[in-house]
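The values are calculated or read from the model by the stated rules, or taken from the named source; none is laboratory data. Please read all numbers here as calculations on a predicted model, not as lab measurements. As a convention, Cβ positions derive from the backbone with ideal geometry for all residues, glycine included, and neighbour counts pool all protein chains shown.
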Amino acid sequence: MASRKNVQQRLLAYSFITPALLITLGVVAYPILNVIVRSFQTEDGYGLDHYIYLFTNPIALENLFYTLYICIVTVVLAIAVAYGLALFMRFSNSRIGKTIGALYLLPRFIPGLVAVNAMITVIRDSGLLNRIALTFGYDFKPGLMFNDKGIILMNLWFNIPFATMLILAGLSNIPDSVIDSARDVGASRRVLFTKMIVPLTMKDVMIAATFIFMSNVGSFTTPYLMGSTSPQMIGVSLFTQFNNLNYGYAAALSVVMFLLCSVSAAVYIITNMRDKAWEKQE
């Protein structure tokens with residue numbers, strides 16, 4: 001009787017899960033499979049023509065490496081700044097620290113298009129910074145538009161608050177008693193940071209880096225409005241190819257973008273699995 005009841009409970013659970021699973025397959029899995037199939041379609045049938053072009057054409061390769069360069073630089077700078085902010089907010093009781101803690105998430109609530117346009121009015125060569133400099137007799141041109149610098153600057157605006165939130169959550173999980181005990185036995189600030197704080201927050205850093213990378217690989221608004229026409233980030237190149245009705249090549253770009261995000265997702269999964277294995281050992 002007990003086994004029969006268990007079977008009925010499982011069937012009931014599966015009956016609740018099945019509709020959600022079917023919807024997921026229809027909304028997520030089918031489009032992905034459709035894009036993969038389309039990426040192999042050519043005028044003569046099926047082949048690797050689009051991928052061969054993607055990995056042999058100098059312009060296509062430049063766009064790919066340009067995207068990776070911007071994503072990696074954004075990740076490194078965003079994590080470095082976010083870690084510093086999180087440390088300051090976690091261990092500082094000053095009014096400045098409390099003010100930063102109250103306002104650091106504000107950029108996340110500003111729509112992306114609004115933030116990009118506002119940044120453009122400030123940093124373009126004839127923008128606000130230039131007009132302020134002109135009042136002092138200096139023609140200051142930031143040179144941040146239509147190149148990688150402006151894109152990275154805007155990426156930092158979007159990603160530093162998110163990374164700070166994740167790292168701060170990890171730092172908050174470290175009890176004050178543990179830190180005080182380490183100080184009581186003579187641990188210096190350098191030892192506390194390198195031997196305790198960094199290892200205990202490494203999972204949060206990896207998760208933040210993963211999501212920052214994934215969010216910027218396929219970004220469109222910032223590179224479209226602030227980036228150059230050549231090289232282009234993958235998201236802008238995908239938009240261009242789609243508008244030019246090059247659906248097969250656009251699909252191949254989408255697959256490459258998906259694979260790059262999958263690598264980041266794999267890092268995220270492995271990080272979580274290692275953390276859970278460590279918790280079980282405890």
How many residues of the range 27-36 are in contact (Cβ under 8 Å) with a residue 12 or more places away in the chain and either exposed (fewer than 11 other Cβ atoms within 10 Å of the Cβ) or outside any helix (DSSP H, G or I) (or both)? The answer is 0
Does the range 4-23 hold any residues that are modelled with pLDDT of 75 or more and either touching a helix residue (DSSP H, G or I) at 6+ places or on another chain (Cβ under 6 Å) or not hydrophobic (A, V, I, L, M, F, W, C) (or both), and which are they? Ser15, Thr18, Pro19
Looking at the structure I just gave you, is Leu68 more than 16 Å from Thr164 (Cβ to Cβ) and under 22 Å from the mean Cα position of the chain (by Cα)? yes
Subset of the range 189-237 [more than 30 Å from His50 (Cβ to Cβ), of a type in the set (Val, Ile, Thr) and touching a residue at least 12 places away in the same chain (Cβ under 8 Å)]: Ile197, Thr201, Val205, Ile207
Filter the range 174-198 for residues that are outside any helix (DSSP H, G or I) and more than 27 Å from the chain's Cα centre (by Cα) and give the result. Pro175, Val185, Gly186, Ala187, Ser188
Checking Met145 against (1) of a type in the set (A, V, I, L, M); (2) out of contact with any Ser or Thr (no Cβ under 7 Å at 6 or more places or on another chain); (3) in contact (Cβ under 8 Å) with a residue 60 or more places away in the chain; (4) assigned to a helix (DSSP H, G or I), which single condition isn't satisfied? (4)
Could you list, ordered by first residue, the pairs with Cβ atoms under 6 Å in which the first is in the range 157-178 and within 24 Å of Val191 (Cα to Cα) and the second is not in a helix (DSSP H, G or I), at least 6 apart or interchain? Thr164/Tyr104
Looking at the range 104-125, is at least one residue farther than 19 Å from Gly227 by Cα, over 18 Å from the mean Cα position of the chain (by Cα) and free of Cβ contacts under 8 Å to residues at least 12 places away in the same chain? no
Of everything in the range 138-164 that's among the aliphatic types (A, V, I, L, M) and surrounded by 18 or more Cβ atoms within 10 Å (Cβ to Cβ), which residue is nearest to Gln232 (Cα to Cα)? Ile151
Based on what the data block shows, is Thr67 exposed (fewer than 13 other Cβ atoms within 10 Å of the Cβ) and either part of a loop (DSSP other than H, G, I, E, B) or not small (Gly, Ala, Ser) (or both)? no
Restricting attention to the range 50-73, report how many residues are more than 29 Å from Phe158 (Cα to Cα) and either among the basic types (Lys, Arg) or in contact (Cβ under 8 Å) with a residue 60 or more places away in the chain (or both). 4
Out of the range 218-234, which residues are buried (at least 22 other Cβ atoms within 10 Å of the Cβ) and part of a helix (DSSP H, G or I)? Thr222, Pro223, Met226, Ile234
In the range 49-102, which residues are more than 25 Å from Ile212 (Cβ to Cβ) and either among the charged types (D, E, K, R) or in contact with a Lys or Arg (Cβ under 7 Å, 6 or more places away or on another chain) (or both)? Asp49, Arg95, Lys98
Go through the range 92-116 and count every residue that is surrounded by fewer than 13 Cβ atoms within 10 Å (Cβ to Cβ) and not charged (D, E, K, R). 12
Can you spot a residue in the range 120-137 that is surrounded by 13 or more Cβ atoms within 10 Å (Cβ to Cβ), among the acidic types (Asp, Glu) and not in a helix (DSSP H, G or I)? yes
